[in-house]
Amino acid sequence: MSTHPVRLPHMSWLIVFDGAKALILRNTGKEQSPQLELVEAMQHRSPPSHELGRTRPGRVRQSHGPARSAVEEPDLHLAEELSFVKDVSAMVEKSVRGQAALNLVLAAPPKLLGELRRCLTPPVQALIVAEIGKDLTKLPIPEIERHFGA
């Protein structure tokens, strides 16, 4: 794994997202001193657990004998996050349509990065030049710029 910092070439796009917020930022500055401007943003209201509902863990009977065992309870918040990632992929697909020679850099928690990669079409996947397995969504834009500056 490389220890070199990820750079944002001039006019490349940075897609920053987590399970509830997504930002598409464009670097209008230089690679050594990025200046990020907001292209598009999306917010997902994650309902509290009591609104998501509660499903009891299932039970499985053994093939022989009276024994039963519990099945893991589904993580409803994770399901909400994965649903939001599909919305983010649709936003990215729509936003890059018609853009010429575009470079994309993705920044998100590792599990969500993998999910977004699976949701994107091959032409958009080909635009990805770097991925960062880190949640930057809670940082202000100037702080995000410092992550990529010289």
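The values are calculated or read from the model by the stated rules, or taken from the named source; none is laboratory data. Worth saying up front: this structure is predicted, and the values here are computed from it rather than measured. Glycine also receives a Cβ, built like all others from the backbone with ideal geometry; neighbour counts cover every protein chain displayed.
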Quick one: which residue in R117, R146 is in contact with a helix residue (DSSP H, G or I) (Cβ under 8 Å, 6 or more places away or on another chain), in a helix (DSSP H, G or I) and surrounded by fewer than 17 Cβ atoms within 10 Å (Cβ to Cβ)?
R117
Look at segment 78-96 and say how many of its residues are under 17 Å from L23 (Cβ atoms) and in contact with a Pro (Cβ under 8 Å, 6 or more places away or on another chain).
0
Filtered residues of segment 131-143 (kept if surrounded by fewer than 18 Cβ atoms within 10 Å (Cβ to Cβ) and outside any loop (DSSP other than H, G, I, E, B)):
I141, P142, E143
So for segment 60-80 (the condition being out of contact with any Asp or Glu (no Cβ under 7 Å at 6 or more places or on another chain), over 21 Å from P5 (Cβ atoms) and at pLDDT 90 or above), does at least one residue qualify?
no
L106 modelled with pLDDT under 65 and surrounded by 13 or more Cβ atoms within 10 Å (Cβ to Cβ)
no
Taking segment 113-146 as the region of interest, how many residues are in contact with a strand residue (DSSP E or B) (Cβ under 7 Å, 6 or more places away or on another chain) and not acidic (D, E)?
12
Across segment 93-114, which residue is nearest to the chain's Cα centre (by Cα) among those that are part of a helix (DSSP H, G or I) and without any contact (Cβ under 8 Å) to a residue 60 or more places away in the chain?
L113
By residue number, the members of segment 122-149 that are β-branched (V, I, T) and free of Cβ contacts under 8 Å to residues at least 60 places away in the same chain are V124, I128
